[in-house]
Amino acid sequence: MTPGDMSALYRSLPNIDEILGADGIADVIATGELPRDLVLRCAREELEALRSAIAQGKRSEPVVLDEVTASVRAAVAAAQQPSLRRVINATGIVIHTNLGRSVLPESALEEVIATSQGYTNLEYDIAAGERGHRGDHVESLICEITGAEAALAVNNNAAAVLLTLAALAAGKKTIVSRGQLVEIGGSFRIPDIMAASGTVMVEVGTTNKTHLSDYAHAVGDRTGLLFKAHTSNYQLVGFTEEVSLVDLVALGAERGVPVVEDLGSGVLLDLSAYGLPAEPTVQESLAVGADVVTFSGDKLLGGPQAGIICGKRSVLARLRSHPLARALRLDKMTLAALEATLRLYRDPATAVNLIPTLRALTMPMERCRQQAEQLAAALREAADSSGLGPALNLEVCGEMSLAGGGSLPGAEIPTAVVALATEKVSTAALEQRLRALPVPVVARVHEERLLFDVRTLSDDDIELLVPELATLFAELAG
Ligand SMILES: *Cc1c(COP(=O)(O)O)cnc(C)c1O
């Protein structure tokens, strides 16, 4: 390219005023549809990119205004897109931590909106006309459902454990089995949380076996707590032994040391009635006499992110008055969602029906197959009418779903999936295209096919998914 050609290219670049005044830009700025400063920034970036393309000899055609305004509009639209947004979870992993764990029940969504649209009685006692307590909105429900004397809800279960350790055992020793020094994804590790709380962790037993005598020998004057962590995301199998909560509670009572159990996923009803592995329930741990039990709000409970602490009244009072309780407290939207979710537990059948996490986990195989057949038929039709037709390979097959979220370790739940592949593009490319859809779809790749597990697809999801895939099929066919 001659220097003359290059300067002709530079001269073809519109200036900022031309871009801001162009059709499709000036009008949307004038109506306030797009913020002027953002458009300006995107226009500058676009011009900069074009200049550098010319400088590097990557551009041989003169630049036209329409092309620039289209790029600017696309850049502005991308910048206006919310960062946190809805996705479709077709992975079959029900409590998918990366995809936001539990989907909220309808009634919880309604309560979040109702209590966020206007002012609320968050810390106001309506009957008395005076200051109230934000904790009151969920405490009595938690106690009613679990049988606890007192309860407190905080930011998440990591916060629940941190607050419990800090309030009950800072500057003292906390005894824990070596078999329970768990790491939960996202950097929650028992030894680290112990250190952060100011308690001194005392490990007892071995990786595979810990006996009651190991705890008994370790208890001394400076012991603040006996701590048990439910190994909710892995299983110890083979030559193993853990001390039961009953035995720990007896030892704690004898030596005057409180016992805390971190249950992790915190299930409130017996899932074995639905063919899932039996998990220790919160009610069982409290009935056995644990002083404090902690668990997550968004794992098996199926509510918003929260950490629930329940147990003895006198012990909870110490937690409530610790400065960290204020730092870790819940906001009104979460409280509204948590209260509405907990209310559903007054009737177990209602809970299983209306809490999406429980409904997904307990969805029977016949229903999964039915749903998968329906989805497959809709996708087959979309493929045929888009012209992709026989180039789409599609089949319903049996697979396994996972509970996820460090819940029900090792439990594989039989499910039905729609498996899909096409000769038009590789499975990896197809998976990428799915993530780029307006409502991104996250699916599983297995043996060169994409799997859509219906266990984690709601009716709403399917209504979005089918037309999105129809558009994608038409692009692939075109
Ligand atoms: C999940 C889990 C946690 C952390 O709970 P978050 O709600 O994610 O903070 C702590 N302990 C156990 C045993 C868990 O399973």
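Details
- Taking segment 1-93 and dividing mean pair separation by its residue count, relative contact order in percent (alpha carbons under 8 Å, at least six apart): 39 percent
- Of the solvent-accessible surface of the chain, computed with a 1.4 Å probe and all protein chains present, 52% belongs to carbon and sulfur.
- Candidates per trypsin sites (Lys or Arg not before Pro) in segment 391-478, loop by DSSP, up to 15 other Cβ within 10 Å: Lys424
- Relative protection proxy for 63-72, 147-156, from highest mean packing down: 147-156, 63-72 (other beta-carbon atoms within 10 angstrom).
- In the chain, the sites counted are chymotrypsin sites (Phe, Trp or Tyr not before Pro) in DSSP loop states with at most 12 other Cβ atoms within 10 Å, and the longest stretch holding none of them, exclusive of the sites, is 240-478.
- With the helix formula -39500 (n - 2.57) applied to DSSP H stretches of n ≥ 4, the chain reaches a computed 222 nm mean residue ellipticity of -13500 deg cm²/dmol.
- In loop segments of segment 38-94 as defined by DSSP, the trypsin sites (Lys or Arg not before Pro) with at most 15 further C-beta atoms inside 10 Å of their C-beta are Lys58, Arg85, Arg86.
- Packing rank of 304-315, 19-30, where each peptide gets the mean count of other beta carbons within 10 Å, highest leading: 304-315, 19-30
- Taking every Cα-Cα distance in the chain and sorting them into 10 Å bins from zero, the calculated P(r) comes out as 4, 16, 21, 20, 17, 12, 7, 3, 0, 0 percent.
- Screening the chain for whole DSSP H helices of 18 Å or more along their axis (Cα) with average Kyte-Doolittle hydropathy at least 0.0 returns 36-55, 65-80, 332-344, 459-477.
- Just so you know, the averaged projected area of the alpha carbon convex hull for segment 246-399 sits at 13.5 nm².
- With all pairs of different C-alpha atoms in the average, the Kirkwood value for the hydrodynamic radius of segment 225-322 is 14.4 Å.
- Dipole in debye (nearest 20) - segment 325-478, about Cα centre, beta carbon charges: Lys, Arg +1; Asp, Glu -1: 740 debye
- Net lengthening on full extension, Thr240/Gln117 (0.36 nm per residue, minus Cα-Cα): 39.0 nm
- Centre-to-centre, using Cα atoms only, segment 118-159 and segment 361-432 are separated by 42 Å.
- At a probe radius of 1.4 angstrom, the accessible area of segment 419-478 per residue rounds to 47 square angstrom.
- Extension reserve of the Arg320-His133 stretch, reckoned as 0.36 nm per residue once the Cα distance is removed: 66.2 nm
- Sequence-distant residues sharing a close amide H with Ser401 (under 5 Å, placed H): Ile413, Thr415
The values are calculated or read from the model by the stated rules, or taken from the named source; none is laboratory data. Fair warning: this is a prediction, and the values are worked out from it, not measured in the lab. Cβ: placed from backbone, ideal geometry, glycine included. Neighbour counts: every protein chain shown. These accessible areas exclude ligands, DNA and RNA; they are computed on the full protein's heavy atoms, side chains included. Shrake-Rupley method; radii C 1.70, N 1.55, O 1.52, S 1.80 Å.
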